[in-house]
Amino acid sequence: ASCLTQALALHRLLARAGHSADLRIGVAKDATSGFASHAWLEHEGEILIGDNGELDRYSPILAFSSEGH
């Protein structure tokens with residue numbers, strides 16, 4: 001599954017269990033690899049899924065929070 005699919009699935013599971021989490025999507029562009037995107041999930045500043053070791057290269061374009069209902 002893609003990083004987005006994994007992050008969305010865990011985001012939904014955590015929300016159903018009453019836990020908050022922040023879904024983040026970022027993009028990057030460089031001369032070598034061109035355009036890239038990546039998704040990850042955070043909870044209280046900790047990355048739960050999607051830490052590919054290169055998150056600093058991505059510029060955030062979307063952050064979606066759940067309040068843990």
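Remark: relative contact order (the chain) = 41 percent; criterion is Cα-Cα distance under 8 angstrom and separation of 6 or more residues. In this simple spin-label approximation, Ala36 and Ser2 carry label points 7 Å from Cα along the Cα→Cβ vector, and these lie 1.6 nm apart. Probing with 1.4 Å while keeping every protein chain in the model, the per residue accessible area of the chain equals 67 Å².
To put it simply, the accessible area of the range 1-53 at a 1.4 Å probe is 53 percent carbon and sulfur. Which GluC sites (Glu not before Pro) in the chain pass both tests, a DSSP loop state and at most 16 other beta-carbon atoms within 10 Å? Loop-located and lightly packed - Glu44, Glu54, Glu67.
Gly45 sits among other residues whose Cβ lies under 13 Å from its own Cβ, and their net charge, with Lys and Arg +1 and Asp and Glu -1, is -4. With the biggest extent put first, the Cα atoms of the chain measure 43, 23, 18 Å across the principal axes.
The values are calculated or read from the model by the stated rules, or taken from the named source; none is laboratory data. Predicted model only: the values in this text are computed from it and were never measured. Methodologically, a virtual Cβ is constructed for each residue, glycine included, from the backbone with ideal geometry; neighbour enumeration extends over all protein chains shown. SASA here: full protein model, heavy atoms, side chains in, ligands and nucleic acids out. Shrake-Rupley method; radii C 1.70, N 1.55, O 1.52, S 1.80 Å.
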